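The values are calculated or read from the model by the stated rules, or taken from the named source; none is laboratory data. All of these numbers come straight from a predicted model, not from anything done at the bench. Don't worry about glycine lacking a Cβ; one is built from the backbone with ideal geometry, like all the others, and counts go over all protein chains shown. Just the protein is used for accessible areas: all its heavy atoms, side chains included, with ligands, DNA and RNA removed. Shrake-Rupley method; radii C 1.70, N 1.55, O 1.52, S 1.80 Å.
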Amino acid sequence: QMMKHAWDNYKRYAWGLNELKPISKQGHSSNLFGNIQGATIVDALDTLYIMEMKEEFKEAKEWVEKNLDFNVNAEISVFEVNIRFVGGLLSAYYLSGEEIFRKKAVELGEKLLPAFNTPTGIPWALLNIKRNWPWASGGSSILAEFGTLHLEFVHLSHLSGNPVFAEKVMNIRKVLNRLDKPEGLYPNYLNPSSGQWGQHHVSIGGLGDSFYEYLLKAWLMSDKSDEEGKKMYYDAVQAIETHLIRKSSGGLTYIAEWKGGLLEHKMGHLTCFAGGMFALGADGAPNDKTGHHIELGAEIARTCHESYDRTSMKLGPEAFRFDGGVEAIATRQNEKYYILRPEVIETYMYMWRLTHDPKYRQWGWEAVEALEKHCRVDGGYSGIRDVYNNHESHDDVQQSFFLSETLKYLYLLFSEDDLLPFEHWVFNTEAHPLPVLHKDDGNKEENQK
């Protein structure tokens, strides 16, 4: 019902545009996608399919066939277009088998390739897909951005028969492996021309987050044959544990940010995905550390639940702090907003599937009730400006990731484990499921030719 409310209102007021403004009941276009349109449609395809909203899926597919156009003169975020559009199209193809989705995914993948034309092969952050002018903001590319192309590009090579996509992302690893890492940590900025790190800031939240997730998921998606990805992931987790994971005086485990050796005791909502990541990676953890990784996941889940529970609205702030006697609470006005983000619910979903502890469903249901009470409006769902205030001040944006991630993870949290089982599917960072590529899949493709 929540998905239907979000989708029907998008359709009514913003059809074909990127996102919906649910209060003003009109379209919203962020500059992330340049002039490419339809982000909500492409992002929602697989959720509609999984929820068996067949009519809606059909109209979305027809829109993609007739209207999804990449020949636009516009500067786009390579990262956002990859995770939402390429990821959304790939998933829609793998779930439905409809050829149009494969075709569009490969076409868009080809448009992103010029971003890799740098001295190092580390892609620029921004690209004009009509003129092939790539550039990076402030000269550096961001770890989470160039590190979050791997899953999609491996699948683009798999589906197109063109090895170039996979080669581009494997090269990114080569560059990273050659570099010295401070204390084994990966700084958030890398200059694509010089191949050197920018300032030594490290975060498992924004700017860093999905790089780590993709190392683990690359290994899982390769049917556990990508040993390099596996080693990079577990080495990184070891460094994160040593240098970033701390316990507050009240006993909450959190992941701090690292600035040139100094810790900032702040955790972003985005960082909350890491609970699910640690639990998902527990099975392959070295030296009998499986239980330890699950426990780490559970502790992060608890801390993130506290960040929700300690607000008036029972929805978590964008960032929360552990200093000056404050724990898991946002202390700055510009960190008190909630934009319908999925990360905490994502961790509940992984923890539920991997432990079946009923508290994760309980916590998920609390989030559903809070979303219904505070974010649902006549025209859809809106983010909130201050989760500590008793009076809603809405930001008037229904983010495309609300349909792609937040509602999908909630649906999966309350579904049986055999819906998109983890042994067959890996979720990209926008919650688009991609199939595990079994070692014999390559030969199967050959035989089909």
Exercise. Tell me, what is a quarter of the convex hull surface for the C-alpha atoms of the chain, in nm² with one decimal?
Worked result: 20.2 nm²
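Place a +1 charge on the Cβ of each Lys and Arg in the stretch 1-434 and a -1 charge on the Cβ of each Asp and Glu, then give the dipole magnitude about the Cα centre in debye, rounded to the nearest 20.
760 debye
With Rg and the Kirkwood Rh both taken from Cα atoms, where does Rg over Rh land for the stretch 344-449? Please report the intermediate quantities before stating the final value.
Values: Rg = 17.9 Å, Rh = 16.0 Å.
Here Rg/Rh amounts to 1.12.
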Exercise. Cα-Cα over 26 Å: which of Lys130/Lys217; Lys4/Lys103; Lys4/Lys58; Lys54/Lys224; Lys247/Lys359?
Worked result: Lys130/Lys217; Lys4/Lys103; Lys54/Lys224
Exercise. Between Gly88, Pro192, Thr148, whose Cα lies farthest towards the positive end of the dipole of the chain when Lys and Arg beta carbons carry +1 and Asp and Glu beta carbons carry -1, centred on the Cα centre?
Worked result: Pro192
For this session: Taking only protein heavy atoms into account and a 1.4 Å probe, give the accessible area per residue of the stretch 53-129 in Å².
Result: 34 Å²
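For a protection proxy built on the mean count of beta-carbon atoms within 10 angstrom, sort 407-417, 239-249 highest first, please.
Result, highest mean Cβ count within 10 Å first: 407-417, 239-249.
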Exercise. What are the extents of the Cα atoms of the stretch 156-279 along their three principal axes, listed from largest to smallest and rounded to whole Å?
Worked result: 54, 34, 22
Exercise. With charges set only on the Cβ (+1 for Lys and Arg, -1 for Asp and Glu), what does the dipole of the stretch 202-258 come to about its Cα centre, in debye to the nearest 20?
Worked result: 240 debye
Problem set entry | For the stretch 349-390 and the stretch 65-133, distance of Cα centres in Å | 31 Å
Exercise. Per-residue HN-Hα couplings for the stretch 119-131, Karplus 6.51 cos²θ - 1.76 cosθ + 1.60 at θ = phi - 60°, whole Hz, x for Gly and Pro?
Worked result: x, 9, x, 6, x, 5, 6, 10, 8, 8, 6, 8, 9
Exercise. Projected onto the charge dipole of the chain (+1 at Lys/Arg Cβ, -1 at Asp/Glu Cβ, origin at the Cα centre), which of Ser382, Ser160, Ile36 gives the Cα projection farthest towards the positive end?
Worked result: Ile36
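Would you mind telling me the share, in percent, of accessible area of the stretch 1-434 contributed by carbon and sulfur at probe 1.4 angstrom? It would help to have the intermediate numbers written out before the result.
Numbers: 7450 of 15840 Å².
Here carbon and sulfur together make up 47 percent of the probe-accessible area.
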For this session: For the stretch 263-275, take each phi angle, set θ = phi - 60°, evaluate the Karplus expression 6.51 cos²θ - 1.76 cosθ + 1.60, and give the result in whole Hz per residue in order, putting x for glycine and proline.
Result: 8, 9, 8, 9, 10, x, 3, 4, 5, 5, 5, 5, x
